[in-house]
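Below is one structure, written out as structure tokens, with a few remarks after it.
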Amino acid sequence: MKQTRKRLGDLIVDAGLITEEQLQEVLSDKLNNVKIGEALLQKGFITEQQLIEVLEVQLEIPHISLYGYPFETNLFSLISKETASRNLVVPLRKEGDKLLVAMADPMDFFAIDDLRLSTGFQIEKVIATRDDIIRAINKYYDMDEDFEELVDANDADNSQEESLTDETSPI
């Protein structure tokens, strides 16, 4: 039997967080490129925590707090910073041919397919807040960039020191 997927707006109405009228208002007002969950958050009809709880209960996708999470930093090389920022996703754990990722929008099937194709792994997902994911992206992806800048700056300093030493050495 084929299971039909309920739309997020209907799930939120079913959970009693908004009325059908509020849903229709958001649907008529929102821009095409804005997702329904984001539009409901912008209108102030729901909180991000309420959105996560609906997704967690209705879709049986677990929620995770990334605060203090023991990230495997080598996994960040599997997903580019651009992809992570665009899709609000961070890698958490790799087990065999599966990659567990935290996503702000676990119903973004285009992002999931993109990750599957670009990494070669089957994607398993958990829900995390936008803020947690953005904080992780900024911390762990920028850490690599900061390290590369530090190495580049150190190499430049060393080559400058060598040229000064050779020219000014009395021997």
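Structure note, pairs 6/81; 6/125; 81/139: Cα-Cα distances above 20 angstrom occur for 6/81. Multiplying the sequence separation of residue 6 and residue 60 by 0.36 nm and subtracting their Cα-Cα distance, what value in nm do you get? Taking 0.36 nm per residue and subtracting the Cα distance, the gain is 18.1 nm. Once the 1.4 Å probe is applied to the protein heavy atoms, the range 89-147 comes out at 51 Å² accessible per residue. Each other residue within a Cβ distance under 14 Å of residue 87 adds +1 if Lys or Arg and -1 if Asp or Glu, for a net charge of 0.
Report note on the peptides 64-73, 90-99: ranked by the mean count of other C-beta atoms within 10 Å, highest first, their order is 90-99, 64-73. Of the accessible area of the range 1-144, computed with a 1.4 Å probe over protein heavy atoms only, carbon and sulfur atoms account for 49 percent.
Looking only at the range 75-124, where both bridge partners belong to it, what percent of the DSSP beta bridges are antiparallel (to the nearest 5)? Kindly include the intermediate steps, with their values, before the conclusion.
Numbers: 6 of 9 bridges.
Around 65 percent antiparallel, to the nearest 5.
The values are calculated or read from the model by the stated rules, or taken from the named source; none is laboratory data. As the structure is a prediction and not an experimental result, all values here were calculated from the model. Cβ sites come from the backbone with ideal geometry, for glycine too, and all protein chains shown count toward neighbours. Just so you know, the surface numbers come from the protein's heavy atoms only, side chains and all, with ligands and any DNA or RNA stripped out. Shrake-Rupley method; radii C 1.70, N 1.55, O 1.52, S 1.80 Å.
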